[in-house]
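Inspection log for the structure reproduced underneath, given as C-alpha cells.
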Amino acid sequence: MPGPHTSTGTVHRGRRNLGRALLVLVASVAVALPAERVSAGTGPVRRAAAEAGSGLDYVAMGSSFAAGPGIPPAQSGSGAAACSRSDNNYPSIVAREVGAGLTDASCSGATTANVLTDGQSGQPPQITAVTSATQVVTVTIGGNDVDYLGSINAYSCQTGGGTNCGSVDQNAINQTFGQLAGRIENVVNAVHGASPQAHVYLVNYFTILPDAGVCTNVPLTDDQAAFERSIATRLAAATATAASTAGATLVDLAAASHGHDACAATPWVETYRPAAGRASYHPNEAGMRAAASLVESALLASGQQHTVVAHSGIAGKCLDVAGGNTTNGTPVQIYGCNGSTAQRWTYTPGDGGTLRALGGCLDVSGSGTANSTKVQLWQCNGSGAQRWTAGANDSLVNPESGRCLDDPNSSTADSTQLQIYDCNGTAAQQWTLSDS
C-alpha cells in the first residue's frame with residue numbers, strides 16, 4: 001500500500017500550475033504528426049511524438065555504442081539497417097520513457113567526420129539531423145577515430161588463433177589522441193550552431209576490460225590489454241575535456257560501467273566471442289538499459305525533466321500508483337498525499353510527453369479513447385496512450401483521445417482508479433504540481 005495516510009485540504013506551497021508547466025499547442029497545431037517522418041533523401045528517421053508539441057525534440061548521434069548492433073529488435077526505417085541501429089539502444093529507451101520525439105542518426109562505425117562532414121552508409125552527416133527545434137542531443141563518438149574497437153578485435157583475433165586479423169598501428173592511434181578532444185568539441189559546437197537552445201550530453205564509452213587481467217573469451221596478452229586500457233582511459237579523458245570546454249554535460253558511462261566489463265558476472269558488454277548475431281565487445285541489453293538510466297538522470301539534473309507530486313483538485317488527494325506496485329496494469333488512482341515514491345512523477349516541463357513513476361508510465365488502458373477508460377501504470381512504450389499535455393483549467397489531456405485525466409464522479413475515496421473523460425473543467429480534472 002502507499003505510505004502513511006496524510007490527508008489535508010490545504011494548498012501546498014510551491015505548487016506549479018499544470019497548464020503553465022506543460023506546453024499546449026492547441027492554437028497552433030491542428031493535426032497530429034505521423035508516427036514516423038523520414039527526412040529528405042535517405043537521412044535518419046525522425047520518430048515524432050504522438051501529438052505535435054508533445055515531448056522533447058531529441059537527436060541521437062554517435063557510433064555503434066549508441067546504435068546498438070546485434071541487440072534485438074532492429075529499428076525499421078531508412079538507414080537503420082545500414083547503420084545497425086537497435087530499437088533497444090539507449091536513445092530509443094530514453095525516448096520511450098520520457099516521451100521524446102527521437103531522430104536517431106547514430107551509425108555503427110561512425111567517426112567525428114561522419115558526424116560533421118562525411119556521409120556514411122548512404123546517410124548524410126549526422127549533424128544534419130539537428131534543427132533549430134532540437135532540444136536534446138546525445139553523442140557517443142570518438143572511439144572509431146582512435147580505432148578502439150578495431151584494435152581490440154584485431155588483438156583478440158591474433159591472440160585467439162584467428163586468421164586475417166589485421167594489424168594495429170599504435171603510433172597512428174597515439175597521434176590521433178592529440179586531436180581527439182578538439183574533434184569532439186567541434187561536434188558540440190556544431191550542434192550549438194544548428195540549435196543554440198539544444199542541451200548536449202556527451203555519453204562516453206562503456207568499460208570493456210576489467211582493471212587487471214582478462215578472462216575466457218577475451219583473448220588478449222598483458223601488453224595488448226594494457227594498451228586497450230590506455231585507449232579507454234584517454235578516450236574518457238578526451239570526452240570529459242570536450243564537455244568542459246564546449247559546454248556540454250558529461251554522462252560518465254565509462255565510470256558507471258566499471259565492474260560490468262566483458263569479464264564481469266553481470267556484464268554490460270559482450271565478449272570477443274558472443275552469441276550468434278551479437279557484436280563483439282559491444283553493449284548488451286543490460287548495458288543499454290543502464291546507459292539510458294544515466295541519460296535520464298542527466299536530464300533531471302539539467303532541469304529538462306522534473307520529478308514532482310501531482311495534487312488533485314479534490315482536496316488532500318494525489319496521483320498515486322496503487323500499492324506502490326510496478327506490475328503492468330497496476331491501477332493509477334487518487335490517494336491521500338503521503339510523500340511516497342508511488343506519488344513521485346517525472347515529466348518534461350513545457351513540452352509534455354510522459355508522466356513516469358516507479359519505472360513505468362501513466363497509460364490509458366488498451367489505448368482506449370472512450371469516456372471512462374481506466375488509466376494504469378504500464379511499461380513505457382512511446383505510444384499515444386502514454387502522452388499527456390496540459391489543457392484548460394489545469395487539466396491533463398491525453399492527445400490521442402482528446403480526453404482529460406479524471407477522478408470518476410469527483411470521488412473522495414482513497415483507491416479510486418482514475419479514467420479519461422470529456423474535459424469539463426471540474427475539480428475532478430484539476431492537477432497541480434509541487435516538489436512535495
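Tabulated values for the structure
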item	result
Qualifying residue in segment 126-143 (condition: without any contact (Cβ under 8 Å) to a residue 40 or more places away in the chain and crowded, with 20+ Cβ neighbours inside 10 Å)	no
Selection count where residues are out of contact with any His (no Cβ under 8 Å at 6 or more places or on another chain), buried (at least 24 other Cβ atoms within 10 Å of the Cβ) and not aliphatic (A, V, I, L, M), scope segment 396-436	5
Count of residues meeting criterion [closer than 22 Å to THR241 by Cα and in a helix (DSSP H, G or I)] in segment 90-125	5
Residues located in segment 245-269, provided they are closer than 21 Å to SER302 by Cβ and among the hydrophobic types (A, V, I, L, M, F, W, C)	ALA246, ALA248, LEU250, VAL251, LEU253, ALA254, ALA255, ALA256
Residue selected from segment 325-347 under the condition farther than 16 Å from ASP363 by Cα and of a type in the set (S, T, N, Q), by the criterion surrounded by the fewest Cβ atoms within 10 Å (Cβ to Cβ)	THR341
Members of segment 163-179 that are within 20 Å of GLY109 (Cβ to Cβ) and either assigned to a loop (DSSP other than H, G, I, E, B) or small (Gly, Ala, Ser) (or both)	ASN164, CYS165, GLY166, SER167, VAL168, ASP169, ALA172
Counted residues, segment 322-341 - those being outside any helix (DSSP H, G or I), touching a residue at least 60 places away in the same chain (Cβ under 8 Å) and touching a strand residue (DSSP E or B) at 6+ places or on another chain (Cβ under 6 Å)	6
Count of segment 398-436 residues which are modelled with pLDDT of 95 or more, in a strand (DSSP E or B) and of a type in the set (A, V, I, L, M)	2
Whichever residue in segment 169-178 is in contact (Cβ under 8 Å) with a residue 24 or more places away in the chain and of a type in the set (S, T, N, Q) and, among such residues, is surrounded by the most Cβ atoms within 10 Å (Cβ to Cβ)	THR176
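The values are calculated or read from the model by the stated rules, or taken from the named source; none is laboratory data. Keep in mind that what you see is a predicted model, and the values were worked out from it rather than measured. Cβ: placed from backbone, ideal geometry, glycine included. Neighbour counts: every protein chain shown.
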